[in-house]
Each structure stands twice: as C-alpha cells, then as structure tokens.
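Engineer: Please read through the structure below; I'll follow up with questions.
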Amino acid sequence: MNFIKTYSDVDPADSRMTFRIRTMEEIYDRNGGKTDEPHRHDYYIILLVRKADGIHHIDFKEYPLSGGQVYFISPGQVHRIVEREKSHGYVITFSTRFMAENQIDACFIDDINLFKDYGETPPLPVDVQQETQLNAYCEQMMDWSKANIKFRSQGIGSLLRLFLISCNNLCSVHGENPQQLQAGGTLLREYKDLVEKHFTEWHLVSQYAEALHVTPDHLNRTVRSLIGKTAKEYLQSRITVAARRMLYFSGQPQKEIAYALGFSEPAHFSSFFKKCTGMSPSDFRK
C-alpha cells in the first residue's frame, strides 16, 4: 500500500543503521513542533513518554498522550502523534536486522506480547519507580550508542532486552501469565503468520484451524488466552485495519477494495465492515 507515507530506514541519513535512540525533545525541536502526517515504519518503535500533552493515533484508534506511558509500535502500523506542547521521553527504533545481529529471536518479540500488530494498541502505564528504571535503561542505551567501543551493538542489544523484559513483567502484574504466554506461543505465532499471508483469501477461522491441524474452538481459546481476543476477532481486526487504510489513504472505489480484500460481492464487504466497526465504508471514508 504505497499510498501511505512509509519510513524504511531507522536513520534516513544512514541506511546501514539498525538501531537508534533519541529524545522526544530532540525530535520536537528538529521538526519545529510540526505534526507529521499519518505514516508507518518498516521497523519497531518504542516510546517511553515521561511528560506530554497530546494525542497518539494508532491504526485509527486514539489514545491520550501523557506521562507515565510506554508505547509499542509494530512494523506496518499507521500512527501519528499530535503534541500540544513539547513532549519529554525517549524514542527507540530498531530493525529486524538488529534483532538478528544480536541474537534477539523473533519468537522473543512474539512471546513478550507487547507489540500487538493490529486492533487495540494502548500504552503500558508505568508508575514513577517503574519509569525511573526504564529511563535508566534508555540513558545507558544513549551512552552506548555514542561510545566507540568493542561489542557496542551487543551491549545495546542486552539493554534493549532488559527494557522489554521489564515491560513484560509489568504486563504480568496487570494480569497476563508468562507461563501461559509461552505454552501457546508457537500456535499463536503460526496463526499470525497465516493470517498475514491469507487474510485477503481466508475469512473463516476454520480455514486457519484446518491448516494448523487444530479445532476452531481450540484456536479461539488459545489465542484469546494470550492476547485477550479470539482468533476470529484478531482476523476481523486484521481485515478491517487493511480496509480502513485503503479507504482513508487511497482513492480506490469501494468495489475494488472489496475485491482486493477477498470479498465476492461489495455488499458482503460493506456488511462485514459495518458489523465490525459500527459504520459503513462510505461513512468511514467521509
């Protein structure tokens, strides 16, 4: 979907860069306080927000931007930050190449369950003590990034792991079970991969369950226990997010969008979209 502004490189000035950490203040000053248009990235983003007043739009969901928050943005998600004043905090960006170079397995990112991909992507709330600890990791990552020392990248990778593990532990405090996450992690990863490959063809959970050699009920229960929504809800969320992006950012007729998303009739697409979002495609586009 090339109609959405996309940032491909962690550092536009150096395509070889695979990790970058900056302060929110620095970015605000560099942009002169100007708000960027809705865009997406081909890499992961973490925002540790210490002080802010604004709104964070992520895939057409709106969240108040304030202090004591950590946001996790996955590659491909469309987002936009609107600041009423200069924000304070850190922006961490890293690519899948950085993960591979530092032995951070993709399974680790899935198992910590912080990067949500689609649907609701609310920030993780942190108290003063938790924020202080995460801030310390960020300051160390900043120091390591500026240092010209041996194993610099590996040191940053270790600090990033500690940051993410700490955030995952906070999620556990908020009611998620790490053992449960690990138990069904493989099935969830395989399901997510299949959805990404086939959501424009397969609209039924039974089709994915058959490919994964499990029952639809088992798949629904497992996915729900890990991410708080059923396999059906996750699939619907993936389709509706794609539809919203196409309706909002492209000039394609609704009929073409319906066929592109695998609906045999535009009326079926319209009915599906309204059932999932509460409004018709034409109303959403308006």
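Engineer: What number of residues in the range 145-164 are open to solvent by less than 70 Å² (accessible area, probe 1.4 Å) and part of a helix (DSSP H, G or I)?
Structural biologist: 11
Engineer: Related question: Could you count how many residues in the range 25-35 are assigned to a loop (DSSP other than H, G, I, E, B) and closer than 23 Å to Asp59 by Cβ?
Structural biologist: Of the residues in that region, 3 qualify.
Engineer: Now for a separate question. Quick check, is Tyr248 within 20 Å of Lys61 (Cβ to Cβ) and surrounded by fewer than 16 Cβ atoms within 10 Å (Cβ to Cβ)?
Structural biologist: Yes, satisfied.
Engineer: Tell me, please, whether a residue that is surrounded by fewer than 22 Cβ atoms within 10 Å (Cβ to Cβ), touching a strand residue (DSSP E or B) at 6+ places or on another chain (Cβ under 9 Å), in contact (Cβ under 8 Å) with a residue 24 or more places away in the chain and under 28 Å from Arg16 (Cα atoms) can be found in the range 49-56.
Structural biologist: No, the conditions are met nowhere in the range 49-56.
Engineer: For Val91, state whether it is within 16 Å of Leu164 (Cα to Cα) and either in contact with a Cys (Cβ under 7 Å, 6 or more places away or on another chain) or at pLDDT below 95 (or both).
Structural biologist: Here the answer is no, as Val91 does not meet what is asked.
Engineer: Tell me whether the range 144-161 contains one or more residues that are at pLDDT 95 or above and closer than 20 Å to Ser66 by Cβ.
Structural biologist: No: zero hits.
Engineer: For the range 204-214, what are the residues that are assigned to a helix (DSSP H, G or I) and either out of contact with any Phe, Trp or Tyr (no Cβ under 9 Å at 6 or more places or on another chain) or open to solvent by less than 40 Å² (accessible area, probe 1.4 Å) (or both)?
Structural biologist: Val205, Ser206, Gln207, Tyr208, Ala209, Glu210, Leu212
Engineer: Only residues in the range 258-272 that are part of a helix (DSSP H, G or I) count as the first member; pair them with residues that are among the basic types (Lys, Arg), Cβ under 6 angstrom, at least 6 apart or cross-chain, and list the lot.
Structural biologist: Pairs that qualify, where the first residue is part of a helix (DSSP H, G or I) and the partner is among the basic types (Lys, Arg), are Pro266/Lys255.
Engineer: Then there's this: Quick one: which residue in Thr240, Thr200, Thr186 is open to solvent by less than 80 Å² (accessible area, probe 1.4 Å) and over 27 Å from Lys5 (Cα atoms)?
Structural biologist: One residue alone meets the criteria, Thr186.
Engineer: While we're on this one: Which ones in the range 165-205 are at pLDDT 80 or above and touching a strand residue (DSSP E or B) at 6+ places or on another chain (Cβ under 8 Å)?
Structural biologist: Those that are at pLDDT 80 or above and touching a strand residue (DSSP E or B) at 6+ places or on another chain (Cβ under 8 Å): Cys167, Leu170.
Engineer: Continuing with the same structure: So which residues in the range 84-128 are in contact with a Ser or Thr (Cβ under 9 Å, 6 or more places away or on another chain), in a strand (DSSP E or B) and open to solvent by 50 Å² or more (accessible area, probe 1.4 Å), if there are any at all?
Structural biologist: Across the range 84-128, the qualifying residue is only His88.
Engineer: Quick one: in the range 215-237, which of the residues that are modelled with pLDDT of 90 or more, open to solvent by less than 40 Å² (accessible area, probe 1.4 Å) and not polar (S, T, N, Q) is nearest to Phe263 (Cα to Cα)?
Structural biologist: Leu235
Engineer: Mind checking which residues of the range 1-24 are surrounded by 15 or more Cβ atoms within 10 Å (Cβ to Cβ), outside any loop (DSSP other than H, G, I, E, B) and charged (D, E, K, R)?
Structural biologist: Passing the criteria: Arg20, Arg22.
Engineer: Here's another thing I want to ask about it. Going by the conditions given, is Glu131 among the acidic types (Asp, Glu) and open to solvent by less than 60 Å² (accessible area, probe 1.4 Å)?
Structural biologist: For Glu131, the condition - among the acidic types (Asp, Glu) and open to solvent by less than 60 Å² (accessible area, probe 1.4 Å) - is met.
Engineer: So for the range 263-278 (the condition being among the β-branched types (Val, Ile, Thr) and within 29 Å of Leu114 (Cβ to Cβ)), does at least one residue qualify?
Structural biologist: Scanning the range 263-278 turns up at least one residue that is among the β-branched types (Val, Ile, Thr) and within 29 Å of Leu114 (Cβ to Cβ).
Engineer: Do we find that Pro38 is more than 25 Å from Ile156 (Cβ to Cβ) and open to solvent by less than 40 Å² (accessible area, probe 1.4 Å) in this structure?
Structural biologist: Criteria met by Pro38.
Engineer: If you go through the range 96-107 one residue at a time, do you hit one that is over 19 Å from Val241 (Cα atoms), basic (Lys, Arg) and in contact (Cβ under 8 Å) with a residue 60 or more places away in the chain?
Structural biologist: yes
The values are calculated or read from the model by the stated rules, or taken from the named source; none is laboratory data. The model shown is predicted, which means the values in this text are computed figures rather than measured ones. No Cβ is skipped: glycine too gets one built from the backbone with ideal geometry, and neighbour counts run over all protein chains shown. The accessibility values were calculated without ligands, DNA or RNA, using every heavy atom of the protein model including side chains. Shrake-Rupley method; radii C 1.70, N 1.55, O 1.52, S 1.80 Å.
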